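The structure appears right after this line, and notes come after that.
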Amino acid sequence: MDRGALQPRVHDVAGAIETMETRGAANIATATADALETQAVESDAETAPELLAELRTAARFLLSTRPTAVSLPNACRYVLRRATGDTVEAVRTNAVESAAEFRARLETAQDDLGRVGANRLRDGDTIMTHCHSTDVLACVEAAVEDGKQLSAIVKETRPRQQGHITARELRELGVDVTLVVDSAARRYLDDVDHVLVGADAIAADGSVVNKVGTSGLAVVARERGTPIVVAAGTLKLDPATMTGNAVEIEMREESEVLEETDRETIGDVTVENPAFDVTPPRYIDAIVTERGQFPPESVVTLMRELFGEGPTEPWQEP
Ligand code: RUB
């Protein structure tokens, strides 16, 4: 891949996504749209085909950073499919406008799904969270705006402890927070009214890919009879799964699990660090989107309606 013509900002955004300075599916999508827009604005391309080729290269580069969150390819699909034209100016204008439109739609979608999710929450409810999801926070924020008092059991979410971010943001919303280690979840589920998690990708069969530990939580919650609600804008629907492709699960570095000094003490063991896991649809009660709430098995209908463009990806060379 010739990355020579890529703007420094594209490298910065890709680096920030790769190192997880920018993380969480929605934030990754916004940063991707920003990067493509910057490439269009700052490019020295002299012809429309040249600029289009640069945008495709930028998209492929961004796509190579983290494999699981489908919001990244969906942001590329949105911008690249609309960044067309016969002149550099036309492509540039369309790229800028589509990136802005994408960001605005994402924000509106989060507000709308927040209101849908808030309808499920009653005054005095306790939720349990896993990882950090801006879609989940949108539901809680809307419920709080409706005057509902909520409590939360927040799983710390090993190995990177994104639960700490959730705990802080929930406190800022005035929610009572109890932070627990991941393995304590079952003990607290009897006190919980809803497990509320986000998603990195939703497959055509309604399976939900989210931070590792979500599937175990869902199984235990089902055993306890606690509803499992996934807050996820339609940006999380993975159209590639309609043609049978599986969602790739990102494997991260072992240093997130085992520090160098502990590694020396323990000796020769294999360390595996999957960042995400797959929760089958039978464990999920509802998927809350900006288009309403859906049983997981029915999201494929929504997926067909929103992503019916066909199998060719806009970052592939023609
Ligand atoms: C974050 C994570 C979040 C989803 C949804 O994983 O699994 O639950 O991305 O987030 P990581 P949002 O920290 O590895 O990126 O609702 O903000 O899109």
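What the table shows:
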| quantity | calculated |
| --- | --- |
| Any hit, the range 279-299, residues being open to solvent by less than 40 Å² (accessible area, probe 1.4 Å), of a type in the set (A, V, I, L, M, F, W, C), touching a residue at least 40 places away in the same chain (Cβ under 8 Å) and touching an Asp or Glu at 6+ places or on another chain (Cβ under 7 Å) | no |
| Single match in VAL271, VAL278 (criterion: part of a loop (DSSP other than H, G, I, E, B) and not acidic (Asp, Glu)) | VAL271 |
| Tabulated pairs, the range 1-28, first at pLDDT 95 or above, second among the basic types (Lys, Arg), C-beta under 8 angstrom, 6+ apart or interchain | HIS11/ARG3; ILE17/ARG23; ILE17/ARG66; GLU18/ARG66; MET20/ARG160; ALA25/LYS236; ILE28/ARG66 |
| Within the range 156-259, strands (runs of 3 or more DSSP E) holding 1 or more residues that are within 13 Å of the ligand (Cβ to nearest atom) | 194-197, 208-211, 228-231 |
| Verdict on THR93 being open to solvent by 20 Å² or more (accessible area, probe 1.4 Å), within 15 Å of the ligand (Cβ to nearest atom), in a helix (DSSP H, G or I) and of a type in the set (Ser, Thr, Tyr) | no |
| Single match in LEU196, LEU189 (criterion: at pLDDT 95 or above and farther than 17 Å from ALA25 by Cβ) | LEU189 |
| Failed item, numbered, when ARG81 is tested on (1) surrounded by 15 or more Cβ atoms within 10 Å (Cβ to Cβ); (2) touching an Asp or Glu at 6+ places or on another chain (Cβ under 8 Å) | (1) |
| Selected residue (only one of ASP182, ASP200, ASP193, ASP205 is among the charged types (D, E, K, R) and open to solvent by less than 20 Å² (accessible area, probe 1.4 Å)) | ASP200 |
| Residue match in the range 31-38 (condition: free of Cβ contacts under 8 Å to residues at least 40 places away in the same chain, under 22 Å from LEU237 (Cα atoms) and within 16 Å of the ligand (Cβ to nearest atom)) | yes |
| Any pair with Cβ under 8 angstrom, 6 or more apart, that starts in the range 72-100 at a residue that is outside the structural domain of VAL10 (by TED's automatic domain parsing) and ends at one that is surrounded by fewer than 16 Cβ atoms within 10 Å (Cβ to Cβ) | none |
| Residues (within 12 Å of HIS130 (Cβ to Cβ) and either under 19 Å from the mean Cα position of the chain (by Cα) or among the basic types (Lys, Arg) (or both)) located in the range 168-198 | VAL195, LEU196, VAL197, GLY198 |
| Residue that is nearest to GLY206 (Cα to Cα) [pool: residues in the range 260-281 that are away from the ligand (no atom under 14 Å from the Cβ) and of a type in the set (Ser, Thr, Tyr)] | THR270 |
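The values are calculated or read from the model by the stated rules, or taken from the named source; none is laboratory data. This is a predicted model, so every value here is computed, not measured. Please note: Cβ atoms are built from the backbone with ideal geometry, for glycine as well, and neighbour counts cover all protein chains shown. All accessible areas refer to the heavy atoms of the entire protein, side chains included, with ligands and DNA or RNA removed. Shrake-Rupley method; radii C 1.70, N 1.55, O 1.52, S 1.80 Å.
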